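Heads up: the structure comes next, in structure tokens.
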Amino acid sequence: MDRRTLLAAAPVLAAGAAAAQPAAPALVGRPMPKLEAEPFLPPERRVGFAVVGLGKFALNQILPAFGACRKARLAAVVSGDAGKARRVAAQHGAPATYSYDSFEEVARNPEVQVVYVILPNIFHRPFTERALAAGKHVLCEKPLATTSADARAMIAAARAAGRLLMTAYRAQYEGFNREAIRRVREGELGPLRLITSDHGRPVKPEEPADEWRIRKAIAGGGSLHDVGIYAVNAMRYLSGEEPAEALATMTTDPRFPEVEDRVTWQFRMASGLLTQGSTSYSYRETKRLSVLGEKATLRMDPATDYDLRRMWIAPEGETETEVLLPLRNQFAAMMDHMAGCVLDGTAPRTPGEEGLRDLLAIEAIHESARSGTWARVAAI
Ligand code: NDP
């Protein structure tokens with residue numbers, strides 16, 4: 001073929017080549033993939049929460065976590081500072097705001113089904129009672145109350161009102177802790193011999209969120225009520241048992257003499273299992289635990305952090321290996337659990353009684369530190 005003939009044939013050859021190309025891909029919808037978790041409910045089917053007390057924990061952990069919720073949504077904020085309430089409501093899309101004085105108006109707001117109490121400890125009982133009287137369910141921060149007597153009154157008030165009361169024990173909705181419970185229950189560690197846990201942090205009295213924590217009249221107690229409670233609670237949920245007796249030593253610090261600083265304690269659990277814990281407002285931030293069984297040991301450090309959890313397991317005769325799990329939003333999981341209970345009419349995994357049991361154990365620790373001998377943990 002000469003050059004002239006070749007050029008004349010070129011468009012025909014090109015068209016032939018184009019016809020051989022596969023069709024250009026089109027944008028199309030595809031069927032719903034299998035979801036790895038429960039679906040996100042549409043806003044109108046979600047359970048509305050009113051968050052009470054816009055402090056450090058509410059602003060930094062809880063309000064942002066609504067973005068990860070599947071069943072719960074923010075319906076209102078309640079604050080003693082009207083300007084902050086308006087600003088926070090706008091930032092997080094809360095349709096209503098209340099002051100402590102106008103709170104009772106929430107009874108006329110059907111968008112609010114759950115009141116989440118995140119106030120300093122001494123206000124947990126009175127605010128829970130106000131929320132129940134307004135016809136709402138209550139999610140209440142730890143410690144449930146400053147005394148077991150107040151916790152009992154809160155449980156009785158919820159029962160009388162026919163509403164749910166849940167203790168906000170986020171660790172019991174967190175994946176690593178759930179996995180530790182599963183491994184213990186399924187016998188991977190064998191019979192348990194000892195559980196140890198240390199939970200403490202340096203208190204900073206000059207910071208607003210710690211100012212009230214060193215005042216007994218508002219906090220109810222010190223390191224034990226505030227952070228040691230994670231160790232007390234973990235000893236119970238990991239073993240699935242209740243403490244029968246406590247033996248403890250307690251010291252105070254001259255910088256904050258009203259409340260306990262360092263505490264060490266042992267529990268003798270109902271089966272004879274021993275646990276050993278410590279808490280403090282003066283050692284470096286520590287949130288760790290170990291479960292020592294006949295067949296394996298399990299260690300978590302940090303066990304109850306906001307952002308990070310790590311876990312290791314060591315079967316008898318083998319070296320320790322790390323257990324890798326995805327980090328999920330424990331605050332969202334906890335609020336979704338409460339929302340699910342409201343939607344399904346089921347009881348929460350951590351009801352008021354769960355908070356009461358820890359307070360009874362904490363009171364036995366105080367009693368033992370005073371008496372210097374084993375103190376019985378009162379029955380629920
Ligand atoms: P903050 O001091 O930061 O916040 C408490 C908020 O309560 C204040 O900002 C204020 O909100 C309101 N308030 C009303 N009256 C008072 C008062 N007399 N003194 C101080 N505050 C008052 O505390 P936190 O957010 O750290 O703790 C709040 C609760 O949450 C506690 O019970 C604590 O144990 C619990 N918590 C739980 C955690 C967990 O991991 N589960 C972690 C941290 C805390 P406003 O200005 O809006 O009126």
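The values are calculated or read from the model by the stated rules, or taken from the named source; none is laboratory data. Everything quoted here is computed from the prediction, not taken from an experiment. Glycine also receives a Cβ, built like all others from the backbone with ideal geometry; neighbour counts cover every protein chain displayed.
Taking the condition of being near the ligand (Cβ under 10 Å from one of its atoms) and not small (G, A, S), how many residues in the stretch 64-79 meet it? Walk me through it before giving the result.
Residues of the stretch 64-79 that are near the ligand (Cβ under 10 Å from one of its atoms), as a first pass: 77-79.
Narrowing the set further to residues that are not small (G, A, S) leaves 77-78.
Total satisfying the criteria: 2.
I need a count of the residues in the stretch 25-60 that are within 30 Å of P126 (Cβ to Cβ) and out of contact with any strand residue (DSSP E or B) (no Cβ under 9 Å at 6 or more places or on another chain). Explain how you work it out, then say what you get.
Within the stretch 25-60, the first condition is being within 30 Å of P126 (Cβ to Cβ), and the residues that meet it are 46-60.
With the extra rule that they be out of contact with any strand residue (DSSP E or B) (no Cβ under 9 Å at 6 or more places or on another chain), the set shrinks to 55-57, 59-60.
Count: 5.
Give the residue, chosen from S278, S239, S197, S290, that is within 18 Å of the chain's Cα centre (by Cα), more than 28 Å from L54 (Cα to Cα) and of a type in the set (S, T, N, Q). First the steps, then the outcome.
Numbers: S278 fails: within 18 Å of the chain's Cα centre (by Cα); S239 fails: within 18 Å of the chain's Cα centre (by Cα); S290 fails: within 18 Å of the chain's Cα centre (by Cα).
Result: S197 is the single residue among S278, S239, S197, S290 that is within 18 Å of the chain's Cα centre (by Cα), more than 28 Å from L54 (Cα to Cα) and of a type in the set (S, T, N, Q).
Tell me, please, whether a residue that is of a type outside the set (D, E, K, R), under 14 Å from H366 (Cβ atoms) and either away from the ligand (no atom under 14 Å from the Cβ) or not in a loop (DSSP other than H, G, I, E, B) (or both) can be found in the stretch 199-207.
no
State yes or no: is A234 within 21 Å of P348 (Cβ to Cβ) and of a type in the set (A, V, I, L, M)? Can you show your working first?
Numbers: within 21 Å of P348 (Cβ to Cβ): yes; of a type in the set (A, V, I, L, M): yes.
Here the answer is yes, as A234 does meet what is asked.
What about I218, is it of a type in the set (V, I, T) and surrounded by fewer than 21 Cβ atoms within 10 Å (Cβ to Cβ)?
Numbers: of a type in the set (V, I, T): yes; surrounded by fewer than 21 Cβ atoms within 10 Å (Cβ to Cβ): yes.
Answer is yes for this residue.
Filter the stretch 301-351 down to residues that are closer than 14 Å to A180 by Cα, away from the ligand (no atom under 16 Å from the Cβ) and of a type in the set (A, V, I, L, M, F, W, C), then give me how many there are.
7
Could you name every one of the helices (runs of 4 or more DSSP H) located completely within the stretch 114-192 that has at least 1 residues being within 16 Å of the ligand (Cβ to nearest atom) and farther than 28 Å from F267 by Cβ?
Working: elements: 124-133, 148-161, 175-185.
Counting at least 1 such residues, we get 124-133.
Among what's in the stretch 92-113 and is out of contact with any helix residue (DSSP H, G or I) (no Cβ under 8 Å at 6 or more places or on another chain) and within 26 Å of D210 (Cα to Cα), pick the residue that is farthest from the ligand (Cβ to nearest atom).
D101
Report every pair of residues separated by at least 6 positions or lying on different chains whose Cβ atoms are under 7 Å apart, first residue within the stretch 316-328 and of a type in the set (S, T, N, Q), second assigned to a strand (DSSP E or B) and surrounded by 11 or more Cβ atoms within 10 Å (Cβ to Cβ).
Correct list of pairs: T321/W312; T321/I313.
Return the residue satisfying two criteria in turn: it lies in the stretch 286-309 and is touching a Pro at 6+ places or on another chain (Cβ under 7 Å) and not hydrophobic (A, V, I, L, M, F, W, C), and of such residues it is nearest to T196 (Cα to Cα). Step through it out loud before you land on a result.
Quick first cut of the stretch 286-309, residues touching a Pro at 6+ places or on another chain (Cβ under 7 Å) only: 287-288, 293-296, 308-309.
After this cut, where a residue has to be not hydrophobic (A, V, I, L, M, F, W, C) as well, the list is 287-288, 293-295, 309.
On the way: K287: 11, R288: 8, G293: 12, E294: 15, K295: 17, R309: 17 Å.
Only one residue fits best here, namely R288.
Cβ contacts < 7 Å: first residue more than 14 Å from A89 (Cβ to Cβ), restricted to the stretch 37-56; second residue part of a helix (DSSP H, G or I) and away from the ligand (no atom under 16 Å from the Cβ), any location; separation 6+ or different chain. Result?
If the second residue must be part of a helix (DSSP H, G or I) and away from the ligand (no atom under 16 Å from the Cβ), the pairs left are R46/A339; V47/A339; V47/V342; V47/L343.
This table checks each residue for (1) within 16 Å of the ligand (Cβ to nearest atom); (2) part of a loop (DSSP other than H, G, I, E, B); (3) at pLDDT 95 or above.
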| residue | (1), (2), (3) |
| --- | --- |
| M32 | no, yes, no |
| L41 | no, yes, yes |
| G48 | no, no, yes |
| L54 | yes, yes, yes |
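Residue by residue through the stretch 80-91, note down the ones that are within 12 Å of the ligand (Cβ to nearest atom) and either part of a helix (DSSP H, G or I) or at pLDDT below 95 (or both).
A82, G83, K84, A85, R86, R87, V88, A89
Out of A332, A314, A347, which single residue is touching a helix residue (DSSP H, G or I) at 6+ places or on another chain (Cβ under 6 Å) and not aromatic (F, W, Y)? Even if it seems obvious, please write down each step before you answer.
On the way: A314 fails: touching a helix residue (DSSP H, G or I) at 6+ places or on another chain (Cβ under 6 Å); A347 fails: touching a helix residue (DSSP H, G or I) at 6+ places or on another chain (Cβ under 6 Å).
Criteria check complete, one pass: A332.
Kindly indicate whether V28 is among the β-branched types (V, I, T) and touching a residue at least 60 places away in the same chain (Cβ under 8 Å). Outline the logic, then answer.
Values: among the β-branched types (V, I, T): yes; touching a residue at least 60 places away in the same chain (Cβ under 8 Å): no.
Against the criterion (among the β-branched types (V, I, T) and touching a residue at least 60 places away in the same chain (Cβ under 8 Å)), V28 does not qualify.
Answer yes or no: is there a residue in the stretch 27-39 that is under 20 Å from the mean Cα position of the chain (by Cα) and either over 30 Å from P326 (Cβ atoms) or hydrophobic (A, V, I, L, M, F, W, C) (or both). Steps first, please.
Here is the first cut: in the stretch 27-39, the ones under 20 Å from the mean Cα position of the chain (by Cα) are 37-38.
Narrowing the set further to residues that are either over 30 Å from P326 (Cβ atoms) or hydrophobic (A, V, I, L, M, F, W, C) (or both) leaves 37.
Yes, because at least one residue in the stretch 27-39 is under 20 Å from the mean Cα position of the chain (by Cα) and either over 30 Å from P326 (Cβ atoms) or hydrophobic (A, V, I, L, M, F, W, C) (or both).
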